[in-house]
1. What's the local net charge at SER284, with K and R +1, D and E -1, over the other residues with C-beta under 10 Å away?
2. Report, in degrees rounded to the nearest 10, the 0 to 90 angle that the Cα long axis of helix 391-410 makes with the longest principal axis of the chain.
3. At q = 0.11, 0.12 Å⁻¹, what log₁₀ I(q)/I(0) does a Debye calculation on the Cα points of region 224-410 give, no solvent, two decimals?
4. Could you tell me how many degrees, from 0 to 90 and to the nearest 10, lie between the Cα long axis of helix 435-448 and the main elongation axis, the longest principal axis, of the Cα atoms of the chain?
5. In debye, nearest 20: dipole of region 178-268 around its Cα centre with unit charges on the Cβ of K, R (+) and D, E (-)?
6. Dimensions of region 2-94 along principal axes (Cα, Å, largest first)?
7. Putting +1 on Lys and Arg Cβ atoms and -1 on Asp and Glu Cβ atoms, find which of SER341, LEU454, THR149 reaches farthest to the positive end of the dipole of the chain.
8. Work out the charge dipole of the chain with +1 on the Cβ of Lys and Arg and -1 on the Cβ of Asp and Glu about the Cα centre, then indicate which of PRO45, LEU362, GLY20 is farthest towards its positive end.
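Nothing in this text is a laboratory measurement; each read-out follows from the coordinates by a stated rule. In this text, all values refer to a predicted model and were calculated from it rather than measured experimentally. Backbone-built Cβ (ideal geometry, glycine too); neighbour counts: all protein chains shown.
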Amino acid sequence: MGNEIKASALLLSVLAGRFGDRLSVSTAAREQHAGTESHLPGAIPDGVVLAQTTEEVIEILHACTTHGMPVIAYGAGTSLEGHLSAERGGISLDLTGMARILSVEPENLLCRVEAGVTREQLNTHLRDFGLFFPVDPGANATLGGMAATRASGTNAVRYGTMRDNVLSLKVVLADGRVIETGTNAAKSAAGYDITGLFVGSEGTLGVITEVTLRLYGIPESILAGVCSFTTLDGAVDTVIQAIQQAIPLARIEFLDEKQVEACNAYSKLDLPVRPTLFLEFNGSEAAVAEQAETFHAIASQNGGGKMTVARQVEDRTKLWKARHNAYFATKALRPNCRVWSTDVCVPIAALAESILGTRADLDAEGMLATIVGHVGDGNYHVLFILDPDNHEEEARAAAINERMVSRALALGGTCTGEHGIGLGKRENLIRERGGDAVALMKAIKQLMDPSSILNPDKIFT
Ligand SMILES: Cc1cc2nc3c(=O)[nH]c(=O)nc-3n(C[C@H](O)[C@H](O)[C@H](O)COP(=O)(O)OP(=O)(O)OC[C@H]3O[C@@H](n4cnc5c(N)ncnc54)[C@H](O)[C@@H]3O)c2cc1C
């Protein structure tokens, strides 16, 4: 322990000499960089350093390697599974100073950005080109952080996740070497898929400093809609049938009654308090009208009411803002409590069994929680609202989560559709992938980061 304190002090003095006031050791900065949105308490790093270039990232990794201290890349700090917790102390490497949009190539439908660019910043910049980047985790995350967590969100049902939309990454490895993982080509069969290895690596294999992304044309027509149902089964069956009939939905989001109640109060809506779907259709005028009509026919057969549509930008924005604020709306249901967002994802045909089983568990336990999700992908979240001092309540939530994960795995699904493993799902990863697959992941980590300085203890111990 004494040696670690000495190493940390030495490292901080080296970084202070080099980075001046871009190194912070204030308690407030360190606490903020430990991950404030996670349901797990975050251990605070010894210091926070703000990098502005790839060369500076290389210097910081060299310094951390020399002193044997951990380094945890930091994007916007919105991850949910203890990803930023400094379990073994060390440095939080803040990439928000690397926020330049390096190039946009409309003719190739791609762009190159620094890792600290946020998705809202990018989409504001792209509007004048008639383009957009679709991956949308709701939170205004950085593109580097989104790549590192293999993020998705409301648009993934149509446009895919970060796995599908990252073409290439510039990555600084633990020993300071810099690699480019791909090219600007739309596809490649050149060797192992190194881009795919880093997408979802949660800062454990290297620090991403630049990202090349696929872009899309803003659709000619966008129609958003809200449809409420008499039963939860009706809403879920509608989703399954709409996906199975290949309606090219751009978004289809489920909110249970409690979530609708929370959104009504938080976002000043007056939706009927029933199981509800938020939808979006993209395409030409005619295509959008046809998609909405086909959807409505399916919904009507399953107890869906009339679909309220929003065509104007302001109306659509209000609707999706309310959806994106679902987490904060849930938090507001119970002051001074924290939200634990679970994250299972199942094959689409298993969605009804998964959600109905979870609902029954919540009802049986009398737990205060909402259900919300990107159901077109078979992905949904139970948002528990927990009193941080009530351990018995937390244990009951954990038991429900365990059953939810077990059910998802039995149905051929995963313990995490989009939030990642972090600290919180390490045991579930072993259950899901098996010991041999996790051992292979550990061997890759050992090869690429032999001193385990890159975000140690995340994904596995
Ligand atoms: C209200 C709310 C709603 C959310 N909804 C969704 C959702 O719908 N879908 C979804 O996928 N997620 C969602 N999330 C989770 C979160 O937004 C994503 O995980 C996001 O991708 C994290 O990005 P970030 O920039 O905040 O990264 P951070 O939280 O800063 O970091 C996340 C992880 O990535 C690593 N990392 C960050 N930057 C880099 C880098 N440049 N190089 C290497 N590693 C790096 C970190 O070390 C850490 O392990 C939500 C979160 C909140 C608070």
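1. On the way: positive: none; negative: GLU220, GLU285, GLU290.
Result for the neighbourhood of SER284: -3.
2. 70
3. -0.47, -0.56
4. Approximately 40 degrees, to the nearest 10.
5. Numbers: 5 positive and 11 negative charges, 47 e Å.
The calculated dipole for region 178-268 is roughly 220 debye.
6. Cα extents, longest axis first: 34, 33, 21 Å.
7. Result: LEU454, furthest along the dipole toward the positive end.
8. In the chain, that residue is GLY20.
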